[in-house]
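Let me begin by presenting the structure, written as structure tokens, before commenting on it.
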Amino acid sequence: MDFSKGSIFKNILKTAIPLTIAQLVQLLYNIVDRVFIGHMQNGGAALTGIGLMFPIVTITIAFTNFYQVGGSSLFAIERGKKNDEYSREILNNTFFLLLISGIILTIFFYVFKKNILYLFGASENTFYYANEYLKIYLIGTVFSMLATGINSFIIAMGYSNRAMQTVLVGAILNIILDPIFIYAFNLGVSGAALATIISQFISFIWVMIFITDTHHEVNLNFKKIRIRLKTILKIMEVGISGFLMSLTNSLVLITCNKMLSIYGGDAYIGIMTIISSIRELFVLPINGIIGGAQPVMGYNYGAGEYKRVKKAIKIVTILTTSFTTIVWILLLKNPTFFVGILTSNEEIIELSKTYLIIYFSAFFMMSFQFSGQSTFLSLGMSKEAVFFTILRKGILVFSLTLLLPGVFGFGVKGVFLAEPISNIIGGAAAYTAMIFKVYRKL
């Protein structure tokens with residue numbers, strides 16, 4: 001697709017709608033395991049165990065984002081400049097980075113998984129479930145990183161329907177295999193992990209068939225892969241924001257689990273797992289909108305069509321703000337419904353309802369964080385994107401999670417209060433800076 005032609009709104013929608021559907025289905029990779037596990041016998045302890053390995057999953061996502069965000073953003077800009085040769089070099093080097101990182105992370109987590117899980121807040125009751133899931137889940141790390149990372153290039157090329165199919169294939173297979181492995185074969189949490197890695201592998205094959213097709217103007221050719229340090233450093237420079245965003249998410253999850261284990265216990269780690277799962281449900285469509293807009297912004301910025309970039313920023317702001325406001329109202333009006341999807345334990349449902357309302361009390365402000373930060377990323381302004389990533393998660397959420405429970409006497413509530421406070425401050429700061437730094441200058 002030539003994003004410099006036609007309606008900006010339609011260009012964004014053509015990319016964002018399939019991607020948003022794909023993001024929603026992608027959620028099923030993560031959520032469907034938790035739904036089946038949460039309704040198992042001993043589902044509370046099992047769900048808490050799964051929650052303890054979230055930081056590890058987030059770390060692998062961090063490295064995926066490191067290369068896919070940097071690579072696909074540069075890729076879109078170079079396509080706008082009609083520079084196919086350099087676009088291909090960016091794709092090739094990103095593939096190499098994803099592959100090597102996936103192998104290293106798999107080995108590292110296998111060697112240190114026991115120490116890591118206890119460091120993250122595991123107890124004698126929950127370690128078994130976390131370990132059983134993780135030791136199988138890690139096998140699919142490389143396939144997951146490559147499928148997700150290279151799929152972003154398919155989106156940047158304008159083939160958003162194909163990118164959506166990549167996610168659909170894996171997610172639907174995961175939904176089918178989960179009950180078979182968990183219940184029919186009586187494999188429990190191990191069955192959930194096995195279903196996930198099989199699905200990730202199929203998604204990886206699907207992506208590779210497409211991206212290696214020589215009929216495309218830019219494709220992955222293993223014979224022509226040339227590792228260039230200059231290109232790798234450029235990819236990492238632009239992608240550092242996505243990396244830090246996910247890495248600080250992992251840091252926050254570790255801190256939350258640790259503080260909850262001190263001030264509440266295993267049950268509250270399970271509650272945070274439920275609430276985090278619900279948050280994922282509603283953040284992924286926002287990522288779909290932003291993911292659809294980023295190649296459009298980057299392409300037009302590379303082509304010198306600055307008025308079209310400004311229009312794209314307006315559209316993203318309106319769409320994300322409208323969506324988060326609707327979700328905010330739905331969650332505050334009926335928290336029990338959403339919590340009940342993940343557990344049938346009445347005591348946990350009642351406790352979760354209270355803390356969900358606190359956690360999501362300023363959810364609508366996230367739209368400004370996402371809109372501002374994604375604009376910086378789309379235009380290759382990595383330093384600004386990095387700053388606002390660190391500000392919200394690395395400084396605000398992390399500090400508040402440590403201070404509110406003990407120093408300010410909020411106890412368990414303080415852990416959940418950190419999120420809305422950071423949404424208000426971080427969202428306002430990121431969007432205001434984007435207006436003055438980018439929008440008014442375009």
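Does at least one position in segment 148-169 carry a residue that is surrounded by fewer than 24 Cβ atoms within 10 Å (Cβ to Cβ), touching a Gly at 6+ places or on another chain (Cβ under 8 Å) and not aliphatic (A, V, I, L, M)?
Taking every residue of segment 148-169 in turn, none turns out to be surrounded by fewer than 24 Cβ atoms within 10 Å (Cβ to Cβ), touching a Gly at 6+ places or on another chain (Cβ under 8 Å) and not aliphatic (A, V, I, L, M).
So which helices (runs of 4 or more DSSP H) stay within segment 261-351 end to end and still have 3 or more residues that are free of Cβ contacts under 8 Å to residues at least 40 places away in the same chain?
Hits in segment 261-351: 306-333, 335-340.
Considering segment 76-97 alone, what residues qualify as being under 18 Å from residue 222 (Cβ atoms) and in contact with a Ser or Thr (Cβ under 7 Å, 6 or more places away or on another chain)?
Scanning segment 76-97 gives 89, 90, 93.
On the given criteria, is residue 58 of a type in the set (Ser, Thr, Tyr), within 20 Å of the chain's Cα centre (by Cα) and crowded, with 24+ Cβ neighbours inside 10 Å?
No.
From the list 152, 160, 123, which residue is modelled with pLDDT of 85 or more and among the hydroxyl-bearing types (Ser, Thr, Tyr)?
Unique residue meeting the criteria: 152.
Within segment 363-437, which helices (runs of 4 or more DSSP H) (wholly inside it) include 1 or more residues that are in contact with a helix residue (DSSP H, G or I) (Cβ under 9 Å, 6 or more places away or on another chain) and surrounded by fewer than 18 Cβ atoms within 10 Å (Cβ to Cβ)?
Ranges flagged: 382-389, 398-406, 412-437.
Being surrounded by fewer than 20 Cβ atoms within 10 Å (Cβ to Cβ) and in contact with an Asp or Glu (Cβ under 7 Å, 6 or more places away or on another chain) is the filter; apply it to segment 80-115 and report the residue that is modelled with the highest pLDDT.
86
Is it the case that some residue within segment 132-143 is assigned to a helix (DSSP H, G or I), at pLDDT 85 or above, within 18 Å of the chain's Cα centre (by Cα) and of a type in the set (Gly, Ala, Ser)?
Yes, segment 132-143 contains at least one residue that is assigned to a helix (DSSP H, G or I), at pLDDT 85 or above, within 18 Å of the chain's Cα centre (by Cα) and of a type in the set (Gly, Ala, Ser).
The values are calculated or read from the model by the stated rules, or taken from the named source; none is laboratory data. On a predicted model such as this, the values are computed, not experimentally measured, just so you know. Counting neighbours? That spans all protein chains shown, and the Cβs are built from the backbone with ideal geometry, glycine included.
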